[in-house]
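First up is the structure itself, then whatever we jot down about it.
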Amino acid sequence: MKSLWSNKATKNLSGLELVVYTSRLIGADPNLVLWGGGNSSIKIEGKDHKGEPTRILWIKGSGSDMRTIAPKNFTPLRLDDLLPLMEREAMSDDEMVDYQLKSVLDPKRPKPSIETLLHAFLPPAHIYHTHADAICALSDTPSSKKIIQSVFGDSVGVVNYHRPGFQLSKAVGEIYKKNPTLTAIILDKHGLITWGNTAKAAYLKTIEMVTKAEAFAAKKARGKRPLGRLKQGALPQVQRRALAAEIAPILRGEIGENQSMVLRYEDDPALLKFIGSAKANKLTQIGPFTPDHLMHTKPWPLFVEIENPEDPIALAEAIRMGCARYRQGAVDYFEDYKPEGVTMLDPNPRVILIPGVGMFTSGKDPRAAGIVHDLYMHTFPVIEAASAIDRYRTIGVKDLCDFEYWPMENFKLSLLPAEKEFSRKIVLITGAAGGIGAAIAEAFIDTGACVVLSDIDLEKTAKLAETLNRKSGSQNAAALQMDVRNEKSVRQGFAQAARCFGGLDVFISNAGIARTASVEDLSPADWEDSLAVNATGHLLTSQAALRMMKAQGLGGSIVVVTTKNVLAPGKDFGAYSASKAAQTQLARIMAIENAPDGIRVNMVTPDGIFEGSGLWSKQIRKERAKAHNIRIKDVETFYAKRNLLQTPILGKDVAEAVLFLASERAAKTTGAILPVDGGLRDAFPR
Ligand code: ZN
C-alpha cells in the first residue's frame, strides 16, 4: 500500500485541520476503512468555555464517514475528565456515554464516538483506528497472536476481542501502560490502532503495517488454493445476467414480505470465482471480518446451494428454499443467543451469493444496498487471504448476536429520518423523457421511490435521470432505452430494470403518440403507428410488468396515462382516441384479471398538457387550432379556458393524481378513471 501523504497539501494545515486531511486520506481507501467505520482523534491544548486552559481530545463524532469528514464532525472533550476512568473496573455503555457527554466542551457537536475512551487512554497526540483488510486477514485466524508477532515482532500489541466500549478501551489503555514502547495495537478480529506525535507519523505507521501484512499474505498465498477447487464456474455473461434478471424479482419477493428491499446485482469475475469454489459455502458462514459490518450485512450471507444454476426453475426453487432456511436459522440464532430485552430484527439476508450467477445485496434504497455490496466486495478477499495464512476465524456466534442487537448501534438507526411514502418502492415509467413522464418521475423521486426511466430516446432519459439524482442527492433514478412497440426491446428493457433495483412495485404506462387527421384522410401508416405505440405498446409493457409483479408476489399498482379523448373524443383525433380507447379497455380488463394477485390498475385522463410535452408538436397545434377554429397562438389559452375551473393543466397535476392512485392511499381503488382536466362536463367518467 502506497502512502498518499502530500507535504505540499499539508504545508499550511495544523491541529484539527490536519486530522481532517489525514482522516480523509484514510477514508478514501476502501482497503483501510469503509462506510462510517474507523475513527481518528487529536489531543491538543485549548480553552474551555470559561476561557481557562485545558487539554482537549477532539474525536470523530458518531455517524460521520472518514471519506467525507469535516471539522464540524469532530467533538471536543475535556481530556482530564476522561483519564481518571482508567482506574474504574467497569462501566456500562449507558454510564460511559452519559459520562462522556458531561465532558463534551461544545454541546452543539455530534455525540462523541463510542471508542472515545480508547483514544483518551492512549497518550500519543494522534490516534487512527481502521479496519484494514490486510490486518484483519492476519487477525481473523485462530492463531492470530502468533501470526501477528511473526510479522511485526513485539512492537505491536494484540488486544483480545471486546465489543467497543469501556472494557475494550481499558484493555487498550492497559496494554500500552505496561509496554509504552508499542508502536501500534491490533484489536483481534476487529482492526488496527496506530498513533504518532504527528498525524503524518500515525498515517505512515498505518501504511507501513498494511504493506507488511499484504506482503506476508501474498507470500502465504503463493502456490495455495485455500478455497479448494472450482466447483461452479461463472456462467457466460449474457446467460448469467439474463438469469439474474429473471430471479431478482423472485428473490425480492422472498426477502420483502415484512419490508420491501431494493437489490443490487454484482457479477465481478473474482467474486464469481470465490462463490464458485468448493469451500465458499462453508467459509462464508463464519462471520464478518470486522463486527462493524454486520449492522449492514447481517452476520452471514445466504449461500444458495444449487447444482445447476443455469436452470431458472431449479434456481428459483433453490432461492426460495435458501431464504426459508436462512430465516429459520436467524430465528434459532436469535432464540439461542439474544441479549435481554431486545426484539428480533428482520430475519432476511442482506447478501445473497449464487454460484455461477453472482451476488445480490439488499437495502432500503440503492445507497444502502450499495454499502452492503462494498462491504462484501472486501469481505471475500479477506476470507481468502486469512484462509491462505491459516484458517478464517471471526468472533463467535454469541459475540455476533451481542453486536447485532447492541442497543448503541441500533440507537443510531432510530435517529435516521422517517422514510418517505414511496421509500423501498420501485417504479418503472414508459415515455419518461416527455413532459408528463418527467413530471411523474420527479414526483416519485421526491417521495423516496426508485425510478426506472424508460424511453425510446435514451440520451434525453439518461440526462433526466442524472438531473433527478443530482437534485435528490440519491442514486434512485436509472435510465434505459425501450421501444414499447417492439417485443424484444420491451423484454430487454424490463430485464435491465430488474437488474437495476431488483423488481417492480409500480408501473406507469405513459408512452404515447398523437397523430391528427379526419378519419376520411387518416393514413394507414398513422393509424398503424398510433395503435403500435398507444395500444400494442401498452399491452407489451403491461404484460412484462404483470409478469414481474407476479414473480415477486408482493402485489403492485399500475397507473395508465390515457386521455380525456377516451371519454369525450375530439374531431381529427380518430387514431389517437381509438388507440387510447383500446389502451383504456385493456387496463380495465387488467384490473379485473389481476385483482386476485393484489395488483391494482387505474387510469388518469389528462387534457391539454403543453408543458414539455412531445405530443404538442407544431403540426398538432396547427391542426387543433384549425379544428377549434382559433389562432395557433391561442391554442394553450383555449385549452385552459375550456375547462370548468378555467385553469391550465400541468405535468405535476397529472403526477399528483398518478401518485395518489399508485399509493396505499388508493389501496381500495382499482379499475377507476381519475380525470385531470380542470373539469370537462363531456368527459365526466360514467
Ligand atoms: Zn472499529
G473 vs. criteria small (G, A, S) and without any contact (Cβ under 8 Å) to a residue 12 or more places away in the chain:
yes
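Against the definition (free of Cβ contacts under 8 Å to residues at least 40 places away in the same chain, within 12 Å of the ligand (Cβ to nearest atom), outside any helix (DSSP H, G or I) and within 22 Å of D402 (Cα to Cα)), how does H129 come out, yes or no?
On the way: free of Cβ contacts under 8 Å to residues at least 40 places away in the same chain: no; within 12 Å of the ligand (Cβ to nearest atom): yes; outside any helix (DSSP H, G or I): yes; within 22 Å of D402 (Cα to Cα): yes.
Considered against the rule, which asks whether it is free of Cβ contacts under 8 Å to residues at least 40 places away in the same chain, within 12 Å of the ligand (Cβ to nearest atom), outside any helix (DSSP H, G or I) and within 22 Å of D402 (Cα to Cα), H129 comes out as no.
Residue-by-condition table, conditions (1) open to solvent by 50 Å² or more (accessible area, probe 1.4 Å); (2) under 21 Å from the mean Cα position of the chain (by Cα); (3) polar (S, T, N, Q):
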{"residue": "T461", "(1), (2), (3)": "no, no, yes"}
{"residue": "D483", "(1), (2), (3)": "no, no, no"}
{"residue": "L504", "(1), (2), (3)": "no, yes, no"}
{"residue": "R515", "(1), (2), (3)": "yes, no, no"}
{"residue": "E528", "(1), (2), (3)": "yes, no, no"}
{"residue": "S542", "(1), (2), (3)": "no, no, yes"}
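Report whether or not T211 is within 14 Å of the ligand (Cβ to nearest atom), at pLDDT 95 or above, part of a helix (DSSP H, G or I) and in the same structural domain as L85 (by TED's automatic domain parsing). I'd like the intermediate steps shown before the answer.
Details: within 14 Å of the ligand (Cβ to nearest atom): no; at pLDDT 95 or above: yes; part of a helix (DSSP H, G or I): yes; in the same structural domain as L85 (by TED's automatic domain parsing): yes.
No.
Got a sec? Which of A385, A439 is at pLDDT 95 or above, crowded, with 18+ Cβ neighbours inside 10 Å and under 13 Å from A655 (Cβ atoms)? Can you show your working first?
Details: A385 fails: under 13 Å from A655 (Cβ atoms).
Of the residues listed, the single one that is at pLDDT 95 or above, crowded, with 18+ Cβ neighbours inside 10 Å and under 13 Å from A655 (Cβ atoms) is A439.
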Could you tell me which of the residues V382, V357 is under 30 Å from V452 (Cα atoms) and touching a residue at least 60 places away in the same chain (Cβ under 8 Å)?
V357
In the range 18-43, which residues are touching a Pro at 6+ places or on another chain (Cβ under 9 Å) and farther than 21 Å from S3 by Cα?
K43
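Just checking, which of I319, I286 is on the phi < 0 side of the Ramachandran plot and either open to solvent by less than 20 Å² (accessible area, probe 1.4 Å) or not assigned by TED's automatic domain parsing to the domain that holds E409 (or both)? Steps first, answer last, please.
On the way: I286 fails: either open to solvent by less than 20 Å² (accessible area, probe 1.4 Å) or not assigned by TED's automatic domain parsing to the domain that holds E409 (or both).
Answer to the check: I319.
Does M1 satisfy being hydrophobic (A, V, I, L, M, F, W, C) and not assigned by TED's automatic domain parsing to the domain that holds D133? If you could, list the steps in order and put the result at the bottom.
On the way: hydrophobic (A, V, I, L, M, F, W, C): yes; not assigned by TED's automatic domain parsing to the domain that holds D133: yes.
The answer is yes for M1.
Which one of G233, G223 is on the phi > 0 side of the Ramachandran plot and away from the ligand (no atom under 16 Å from the Cβ)?
On the way: G233 fails: on the phi > 0 side of the Ramachandran plot.
Of the residues listed, the single one that is on the phi > 0 side of the Ramachandran plot and away from the ligand (no atom under 16 Å from the Cβ) is G223.
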Restricted to the range 289-316 and to residues being surrounded by 15 or more Cβ atoms within 10 Å (Cβ to Cβ) and polar (S, T, N, Q), the residue farthest from the ligand (Cβ to nearest atom) is T297
Is there a residue in the range 625-648 that is of a type in the set (K, R), touching a residue at least 24 places away in the same chain (Cβ under 8 Å) and closer than 19 Å to G431 by Cβ?
no
Pick from the range 109-126, criterion part of a helix (DSSP H, G or I) and open to solvent by less than 10 Å² (accessible area, probe 1.4 Å), ranking: nearest to the ligand (Cβ to nearest atom)
L118
Within the range 299-332, the count of residues that are in contact (Cβ under 8 Å) with a residue 60 or more places away in the chain and touching a Phe, Trp or Tyr at 6+ places or on another chain (Cβ under 9 Å) comes to 2
Here is a list: S40, S6, S14. Which entry is of a type in the set (S, T, Y) and either touching a helix residue (DSSP H, G or I) at 6+ places or on another chain (Cβ under 6 Å) or in contact (Cβ under 8 Å) with a residue 24 or more places away in the chain (or both)?
S40
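Looking only at strands (runs of 3 or more DSSP E) that lie completely in the range 133-197, which have at least 2 residues being out of contact with any Cys (no Cβ under 6 Å at 6 or more places or on another chain) and within 12 Å of the ligand (Cβ to nearest atom)? Break it down stepwise before answering.
On the way: elements: 156-159, 184-187, 191-196.
Those strands (runs of 3 or more DSSP E) span 184-187, 191-196.
Please enumerate the residues belonging to the range 627-651 that are part of a helix (DSSP H, G or I) and either on the phi > 0 side of the Ramachandran plot or modelled with pLDDT of 85 or more (or both).
The first filter runs over the range 627-651 and keeps only residues part of a helix (DSSP H, G or I), leaving 627-628, 632-641, 651.
Of everything in the range 627-651, just one residue is part of a helix (DSSP H, G or I) and either on the phi > 0 side of the Ramachandran plot or modelled with pLDDT of 85 or more (or both), namely G651.
Would you confirm whether or not the range 128-137 contains a residue that is assigned by TED's automatic domain parsing to the domain that holds L83 and over 24 Å from K60 (Cα atoms)?
Here is the first cut: in the range 128-137, the residues assigned by TED's automatic domain parsing to the domain that holds L83 are 128-137.
Filter again for over 24 Å from K60 (Cα atoms), leaving 137.
Yes, the range 128-137 contains at least one residue that is assigned by TED's automatic domain parsing to the domain that holds L83 and over 24 Å from K60 (Cα atoms).
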Are any of the residues in the range 592-611 open to solvent by 10 Å² or more (accessible area, probe 1.4 Å), on the phi > 0 side of the Ramachandran plot and not assigned by TED's automatic domain parsing to the domain that holds A244?
yes
Could you list, in sequence order, the residues of the range 256-269 that are open to solvent by 20 Å² or more (accessible area, probe 1.4 Å), in contact (Cβ under 8 Å) with a residue 40 or more places away in the chain and under 12 Å from G358 (Cβ atoms)?
R264, Y265, E266, D268
Residue under evaluation V342, criteria (1) assigned to a helix (DSSP H, G or I); (2) surrounded by fewer than 16 Cβ atoms within 10 Å (Cβ to Cβ); (3) touching a residue at least 60 places away in the same chain (Cβ under 8 Å), criterion not met:
(1)
Given the structure, is Y161 open to solvent by 40 Å² or more (accessible area, probe 1.4 Å) and either in contact (Cβ under 8 Å) with a residue 60 or more places away in the chain or closer than 30 Å to E95 by Cβ (or both)?
yes
Restricting the range 388-403 to residues that are touching a Leu at 6+ places or on another chain (Cβ under 7 Å) and open to solvent by less than 10 Å² (accessible area, probe 1.4 Å), which is nearest to V97 (Cα to Cα)?
F403
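The values are calculated or read from the model by the stated rules, or taken from the named source; none is laboratory data. All figures in this text were calculated on a predicted structure; none of them were measured in a lab. Glycine also receives a Cβ, built like all others from the backbone with ideal geometry; neighbour counts cover every protein chain displayed. SASA here: full protein model, heavy atoms, side chains in, ligands and nucleic acids out. Shrake-Rupley method; radii C 1.70, N 1.55, O 1.52, S 1.80 Å.
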